[in-house]
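The values are calculated or read from the model by the stated rules, or taken from the named source; none is laboratory data. Keep in mind that this is a model prediction, so the values were computed, not measured. A quick note on method: Cβ atoms are made from the backbone with ideal geometry, for glycine too, and the neighbour counts reach across all protein chains shown. For accessibility, only protein heavy atoms count, side chains too; no ligands or nucleic acids. Shrake-Rupley method; radii C 1.70, N 1.55, O 1.52, S 1.80 Å.
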Amino acid sequence: QGQLVESGGGSVQAEGSLRLSCVVSGYTYGGSCVGWFRQVPGREREGVAFIGDDGFTRYSDSAKGRFTISKDSAKNSLSLQMNSLKPEDTGLYYCAANFFPWPASCPVIANAAPGDFRTWGQGTQVTVSS
């Protein structure tokens, strides 16, 4: 099913910015929803931002107003622009694709189930220092 490769993570100070990217290699995905999740120690993997085939986006409450998700279908790439970063944004960020409830729309962030996405990257670490 190919693989996803994330990049762009790193260590920044609060109020800084990062742009994460995710590129599909070896396969072209045409699922109805792709997006980003964050994993922090002691917590379940949580949805951060999703984008559907029609370009409609969903964001977690904490991401709204600060993060922007975008995609380039022709290049099989996905990006997450993160501005005004906060220490609580720290975590391992994964891109996810191949949403199997296709052709359903992207799920509500609060109800998003990681298991509904069949293809995942290895994650890129984001660390925000106060």
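Could you pull the Rg and Dmax for the stretch 11-114, using just the Cα atoms, both in Å?
13.3, 40
Could you calculate the contour length gain from K86 to Q3, that is, 0.36 nm times the residue separation minus the distance between their Cα atoms, to one decimal place in nm?
Details: separation 83, 0.36 × 83 = 29.88 nm, distance 2.94 nm.
Using 0.36 nm per residue and subtracting the Cα-Cα distance, I get 26.9 nm.
Pop the C-beta distance of D54 and A113 into the FRET formula with R0 = 30 Å and round what comes out to the nearest 0.05.
Once the sixth-power term is evaluated, E becomes 0.90.
Need one number: % antiparallel among DSSP beta bridges in the stretch 1-127, to the nearest 5. Don't jump to the answer; show the numbers that get you there.
Values: 37 of 40 bridges.
Antiparallel bridges: around 90 percent, rounded to the nearest 5.
Evaluate the charge dipole of the stretch 1-81 about its Cα centre and quote only its size in Debye, nearest 20, assuming +1 on the Cβ of each Lys and Arg and -1 on the Cβ of each Asp and Glu.
Values: 9 positive and 8 negative charges, 20 e Å.
Charge dipole of the stretch 1-81: 100 debye, to the nearest 20.
Give me, ordered by chain and number, the residues 5 or more places off G16 or on other chains with an amide H under 5 Å from its own placed amide H.
Under 5 Å from the amide H of G16 lie the amide H atoms of L85, each far enough along the sequence or on another chain.
Which of the chymotrypsin sites (Phe, Trp or Tyr not before Pro) found in the stretch 32-106 are loop residues per DSSP with 16 or fewer other Cβ atoms within 10 Å of their Cβ?
Here the chymotrypsin sites (Phe, Trp or Tyr not before Pro) that fit, given the DSSP loop and packing criteria, are F56.
Give me, ordered by chain and number, the residues 5 or more places off T90 or on other chains with an amide H under 5 Å from its own placed amide H.
For T90, the qualifying residues are V128.
Taking 7 Å along the Cα-to-C-beta vector as the label spot, tell me the S129-S70 distance in nanometres, rounded to one decimal.
2.9 nm
So with the 1.4 Å probe, I'd like the accessible area per residue for the chain, rounded to whole Å². Write down the numbers at each step before the final one.
Numbers: 6690 Å² over 130 residues.
With all protein chains present, the chain gives 51 Å² per residue.
So who's got an amide H within less than 5 Å of the one on V48, skipping anything under 5 residues away but keeping other chains? H placed 1.01 Å off N, in plane.
Sorted by chain and number, the residues that satisfy this are W36, F37, R38.
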